[in-house]
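All remarks here apply to the structure that follows.
The values are calculated or read from the model by the stated rules, or taken from the named source; none is laboratory data. Bear in mind that the values here come from a model prediction, so they are computed numbers and not experimental data. Heads up, the Cβs are rebuilt from the backbone with ideal geometry, glycines too, and the neighbour counts pull from every protein chain shown.
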Amino acid sequence: MADLHLIPLRSNLLQNYKFIEVQNKIIARLTELHLNDYKFKIDSEMLVLICNLIEHLVTKKDKISKKELVISILKTLFNNLTPEEEATISNNIEFIWSNSMIKKVSFYKLFKTSIKELFFKKQ
């Protein structure tokens, strides 16, 4: 039987695939941390965490709207948002971005962590 992975995705299909892949990774991470409780629905720290996760996973060449991704993640995580909540979240994202609270993890820190995990694996 032929391998279907040989046919690549292009344009909108590739962009949509990456969008869903990043969304699923972040939702899995938030669920793993037990942050899918309704009390975190409009929490600013939760929003900063999601924005930082997106900043780490999404590059400019992916052409993914990060604000739409945040709102989509929160809609999926908390089973829909009201239009007022979406407007509040959108305004909070603008505030977080304008105050430089979204930071990308440095390559040095990633390198240091990977070396530490390499030598001190849990067995």
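Summary of computed values
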quantity: Output for region 95-123, where each listed residue is surrounded by 11 or more Cβ atoms within 10 Å (Cβ to Cβ) and either out of contact with any Leu (no Cβ under 8 Å at 6 or more places or on another chain) or part of a loop (DSSP other than H, G, I, E, B) (or both); calculated: Phe95, Trp97, Met101, Ile102, Lys103, Val105, Leu110, Lys112, Thr113
quantity: Residue tally, condition without any contact (Cβ under 8 Å) to a residue 24 or more places away in the chain, of a type in the set (S, T, N, Q) and either touching a strand residue (DSSP E or B) at 6+ places or on another chain (Cβ under 8 Å) or surrounded by 11 or more Cβ atoms within 10 Å (Cβ to Cβ) (or both), over region 77-93; calculated: 1
quantity: Every residue from region 1-59 that is modelled with pLDDT under 90, closer than 19 Å to Asn92 by Cα and of a type in the set (Val, Ile, Thr); calculated: Ile42
quantity: In region 44-60, the residues that are farther than 11 Å from Ile102 by Cβ and part of a helix (DSSP H, G or I); calculated: Ser44, Glu45, Met46, Leu57, Lys60
quantity: Sole residue being in a loop (DSSP other than H, G, I, E, B), over 22 Å from Ser106 (Cα atoms), without any contact (Cβ under 8 Å) to a residue 40 or more places away in the chain and within 14 Å of the chain's Cα centre (by Cα), chosen from Leu35, Leu74; calculated: Leu35
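Residue-by-condition table, conditions (1) out of contact with any strand residue (DSSP E or B) (no Cβ under 6 Å at 6 or more places or on another chain); (2) over 15 Å from Thr76 (Cβ atoms); (3) exposed (fewer than 12 other Cβ atoms within 10 Å of the Cβ):
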{"position": "Asp3", "(1), (2), (3)": "yes, yes, yes"}
{"position": "Leu6", "(1), (2), (3)": "yes, yes, yes"}
{"position": "Leu13", "(1), (2), (3)": "yes, yes, yes"}
{"position": "Phe19", "(1), (2), (3)": "yes, no, no"}
{"position": "Ala28", "(1), (2), (3)": "yes, no, yes"}
{"position": "Leu33", "(1), (2), (3)": "yes, yes, yes"}
{"position": "Tyr38", "(1), (2), (3)": "yes, no, yes"}
{"position": "Asp43", "(1), (2), (3)": "yes, yes, no"}
{"position": "Leu49", "(1), (2), (3)": "yes, yes, no"}
